[in-house]
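*Asks:* The following block contains the structure, expressed as structure tokens.
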Amino acid sequence: MERAEAYGFSGAMSGSFLLSCLLFAAVSRRQRGPYMDEVFHVPQAQAYCQGRFLQWDPMITTLPGLYLLSVGVVKPAAWLLGWTGSVVCSVGMLRFINLLFSAGNFYLLYLLLFKIHQKNKAVSGFQRILSALTLAMFPTLYFFTFLYYTDPGSAFFTLFSYLMCLYGNHKTSALLGFCGFMFRQTNIVWTVFCAGNVVAEKLNEAWKIELQKKRDEKISSRKGSFSDLTRVLQFLVEYLLSPKNLVTLTALTWPYIILVSLFFVFVFVNGGIVVGDRSSHEACLHFPQLFYFLSFAVFFSFPHLLTPAKIRKFLLSLRKHPVQYSLITAISLFLIWKFTYVHKYLLADNRHYTFYVWRKVFQRHELVKYLLVPFYIFAGWSFADTLKSKSIFWILMYFVCLLAVTVPQKLLEFRYFILPFLIYRVNIPFLSLYRQLLELAFYILVNAVTFYLFLNRTFQWENSDEVQRFMW
């Protein structure tokens with residue numbers, strides 16, 4: 001990092017942290033007590049603070065990583081600063097943990113952008129800082145910086161694990177992946193993703209050698225036609241069936257293999273992935289979740305995905321491959337018809353944005369969910385098109401992980417899309433400065449509206465005296 005870039009990054013990080021502190025104070029003044037899922041998380045953390053480590057709220061579905069780390073931070077801080085009484089492990093103190101995670105996420109996003117795009121000399125230090133600042137303010141994640149939720153910590157350990165993987169520190173990466181797993185069990189998918197990065201790199205090297213042997217066959221590892229994909233899949237099967245290759249890959253990825261094995265042991269002993277209340281978190285094959293994620297990605301990355309050039313390129317592709325797109329359309333319609341699920345929380349809780357998205361869009365008419373298929377196909381094509389700079393093996397690996405982390409979820413919840421979106425976003429090429437500024441301005445606008453609604457547009461339910469607030 002050059003000196004000017006270091007100063008710029010320090011200024012951006014300090015400024016954003018100061019702004020976050022001011023916003024944190026505003027949220028803490030308006031909402032002093034636990035809100036939403038905090039009514040489970042806060043008492044559990046306070047029980048740990050008091051040394052009651054065997055106490056567990058059966059309504060909590062995640063492992064105790066957040067509470068253990070909170071005690072590990074707050075208790076030493078209280079001892080050093082002489083805090084006593086209700087200040088220690090208060091709601092505000094516990095929420096502040098996520099403010100620290102938010103600052104850490106800013107730094108990690110910058111380091112990831114630097115590492116992934118270091119060969120692109122056209123990218124300036126200012127663009128890297130601007131992009132890191134934008135992603136640090138990603139609305140769905142940034143909002144939960146100010147509440148005691150698992151999301152900021154989950155993102156921190158997963159991004160840190162990915163960074164260590166890219167630098168080849170796989171034992172450290174697996175250890176950080178374990179920390180991420182302790183925050184949210186589905187983060188094990190991103191441990192598989194890190195292992196997949198190693199495998200994809202080796203596969204790409206072998207594929208290039210294979211192409212050199214067949215120079216007369218004009219095959220590219222980055223083309224998107226179905227014939228090329230068939231050849232790639234055939235090569236993939238042949239490569240992975242070789243005992244020698246399997247031994248090599250195992251030697252490279254053994255820390256991740258150990259962690260994934262421990263995960264399966266946990267699932268066997270626990271009787272499932274979810275701890276605590278499982279009645280509201282049943283796994284199912286909810287394939288439209290992929291379509292919802294793609295729509296989510298287009299909304300938050302419209303400067304990248306929704307451009308006139310992209311639309312023209314998509315229409316050209318549509319004209320060239322009508323049979324393929326007809327088949328994709330038929331499959332999409334079938335998946336929506338047979339595998340659409342509506343969780344009871346989605347219909348009942350009018351505090352979440354998803355409630356209004358579902359009511360205002362999907363519940364307008366039975367046919368709406370089918371009429372959106374052309375948009376889903378465009379979103380999927382545009383999403384994949386922005387990843388064309390990556391190898392075909394990386395893309396396949398990412399989409400497998402994306403399916404694994406979204407499809408089993410019955411509940412439409414935007415928080416589940418945070419990590420797949422961030423990992424996608426740090427891997428796509430940089431835009432022009434104008435489009436980067438547009439993206440940042442859009443995030444600031446969405447955050448401003450969200451916090452205004454949360455702080456000022458409160459309401460009450462008929463059967464409750466508690467103040468209700470709009471949120472992600």
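*Asks:* Can you tell me the FRET efficiency between Glu462 and Lys344 if r is taken as the Cβ-Cβ distance and R0 is 25 Å, rounded to the nearest 0.05?
*Replies:* So the FRET efficiency works out to roughly 0.85.
*Asks:* Using the heavy atoms of the protein chains and a 1.4 angstrom probe, tell me the accessible area per residue for the range 282-431 in square angstrom.
*Replies:* 45 Å²
*Asks:* Right, another one. If you roll a 1.4 angstrom probe over the protein chains with everything in place, what fraction of the accessible area of the range 72-193 belongs to carbon and sulfur, to the nearest %?
*Replies:* Details: 2890 of 4220 Å².
Answer for the range 72-193 is 69 percent, counting heavy atoms of protein chains only.
*Asks:* So what are the ³J(HN,Hα) numbers for the range 73-86, from phi and the Karplus equation (6.51, -1.76, 1.60; θ = phi - 60°), rounded to whole Hz, Gly and Pro as x?
*Replies:* Result, ordered by residue: 9, 6, 4, x, 5, 5, 5, 5, 9, x, 6, 9, x, 6 Hz.
*Asks:* Can you give the accessible area of Ser261, probe radius 1.4 Å, in Å² rounded to 10?
*Replies:* 60 Å²
*Asks:* Next question. Kindly report, to the nearest 10 Å², the accessible surface of Tyr452 as traced by a 1.4 Å probe over protein heavy atoms only.
*Replies:* Surface open to solvent at Tyr452 totals about 110 Å².
*Asks:* Roughly how far apart, in whole Å, are the Cα centres of the range 124-152 and the range 52-86?
*Replies:* Measuring centre to centre over Cα atoms gives 25 Å.
*Asks:* Considering the values (i) 76, 52, 52; (ii) 156, 72, 55; (iii) 73, 49, 44, which represents Cα extents along the principal axes in Å as calculated for the structure under consideration?
*Replies:* (i)
*Asks:* What is the spread of the Cα atoms of the range 282-431 along each of their three principal axes, largest first, in whole Å?
*Replies:* So the extents along the principal axes, rounded to whole Å, are 42, 31, 26.
*Asks:* Quote the charge dipole size of the range 79-214 about the Cα centre in Debye, to the nearest 20; the model charges only the Cβ of Lys and Arg (+1) and of Asp and Glu (-1).
*Replies:* 440 debye
*Asks:* Next question. For the chain, which cysteines have no disulfide-compatible partner, meaning no other cysteine Cβ under 4.7 Å?
*Replies:* Cys21, Cys179, Cys284, Cys401
*Asks:* Still on this model: Leaving out ligands and nucleic acids, note down the accessible area per residue over the range 1-54 with a 1.4 angstrom probe, in whole Å².
*Replies:* Spelled out: the 1.4 Å probe surface of the range 1-54, per residue, equals 58 Å².
*Asks:* Got a sec? What order do Arg457, Arg29, Arg425 fall in by accessible area at 1.4 Å, biggest, i.e. largest, first?
*Replies:* Ranked list, largest accessible area first: Arg29, Arg457, Arg425.
*Asks:* Going by accessible area, probe 1.4 Å, with all protein chains left in place, what is the ranking of Trp207, Trp56, largest first?
*Replies:* Order by accessible area, largest first: Trp56, Trp207.
*Asks:* Can you find, among Ala404, Thr354, Ala379, the residue farthest towards the positive end of the dipole of the range 282-431? Put +1 on the C-beta of Lys and Arg, -1 on that of Asp and Glu.
*Replies:* Ala379
*Asks:* Another question about this same structure. Under the Karplus relation 6.51 cos²θ - 1.76 cosθ + 1.60, θ = phi - 60°, what is the ordered set of whole-Hz ³J(HN,Hα) values for the range 280-297, x standing for Gly and Pro?
*Replies:* 9, 9, 7, 6, 7, 8, 9, 4, x, 4, 5, 5, 5, 5, 4, 5, 4, 5
*Asks:* So how strong a dipole does the chain carry about its Cα centre when Lys and Arg Cβ are +1 and Asp and Glu Cβ are -1, to the nearest 20 debye?
*Replies:* The dipole magnitude comes to about 1260 debye.
*Asks:* Roughly to the nearest percent, how much of the accessible area of the range 310-352 is carbon and sulfur, given a 1.4 Å probe?
*Replies:* Reported share for carbon and sulfur atoms: 69 percent.
*Asks:* In vacuum, with every alpha carbon of the range 56-194 counted as one equal point scatterer, what does the Debye formula give for log10 I(q)/I(0) at q = 0.09, 0.11, 0.22 Å⁻¹? Two decimals, please.
*Replies:* Normalising to I(0) and taking log10 leaves -0.32, -0.46, -1.33.
*Asks:* Lys and Arg at +1, Asp and Glu at -1: add these up for the other residues within a Cβ distance under 13 Å of Ala155 and post the number. Each step should come with its number before you reach the end.
*Replies:* Values: positive: Arg184, Arg415, Arg425; negative: Asp151.
Around Ala155, the charge tally is +2.
*Asks:* What accessible area, in Å² to the nearest ten, does a 1.4 Å probe give for Asp151?
*Replies:* 10 Å²
*Asks:* Here's something else I'd like to know. Can you check what the net charge comes to around Leu249, using other residues whose Cβ is under 15 Å from the Cβ of Leu249 (Lys, Arg +1; Asp, Glu -1)?
*Replies:* Result for the neighbourhood of Leu249: -1.
*Asks:* If you don't mind, another one. If you find the alpha carbon centre of the range 333-353 and of the range 228-264, how far apart are they in angstrom?
*Replies:* If you average the Cα positions of each part, the centres end up 36 Å apart.
*Asks:* Still on this structure, I have one more. Under the 0.36 nm per residue contour assumption, what length would be gained going from the current alpha-carbon distance of Ala283 and Asn245 to full extension?
*Replies:* Working it through step by step, the gained length comes to 10.3 nm.
*Asks:* Would you give the gap between the C-alpha center of the range 386-423 and the C-alpha center of the range 172-203, rounded to a whole Å?
*Replies:* Cα centroid of the range 386-423 versus Cα centroid of the range 172-203: 13 Å apart.
*Asks:* Past 25 Å, Cα to Cα, is the threshold; run Lys121/Lys320; Lys115/Lys214; Lys310/Lys360; Lys310/Lys390; Lys171/Lys202 against it and keep the listed order.
*Replies:* The pairs that break the limit, which is 25 Å between Cα atoms, are Lys121/Lys320; Lys115/Lys214; Lys310/Lys360.
*Asks:* Taking all protein chains together and a probe of 1.4 Å, list Glu466, Glu210 from the most accessible to the least accessible.
*Replies:* Greatest to least solvent exposure: Glu466, Glu210.
*Asks:* Treating the angle as unsigned and between 0 and 90°, give the value, to the nearest 10°, between the Cα long axis of helix 373-385 and the longest Cα principal axis of the chain.
*Replies:* It is inclined by approximately 80 degrees.
*Asks:* Counting other Cβ atoms within 10 Å, keep those with at most 14, restrict to DSSP loop, and tell me which GluC sites (Glu not before Pro) in the range 1-71 are left.
*Replies:* Glu2
*Asks:* Measuring from a point 7 Å past the Cα of Ile273 along Cα-to-C-beta, which residues in the range 382-425 have an amide N at less than 14 Å?
*Replies:* 400-413, 416-420
The values are calculated or read from the model by the stated rules, or taken from the named source; none is laboratory data. For clarity, every value in this text was computed on a predicted model and none was experimentally measured. For neighbour counting, all protein chains shown are included, and Cβ atoms are generated from backbone atoms with ideal geometry for every residue, glycine included. Remember, those area values only see protein heavy atoms, side chains included, never the ligands or the DNA or RNA. Shrake-Rupley method; radii C 1.70, N 1.55, O 1.52, S 1.80 Å.
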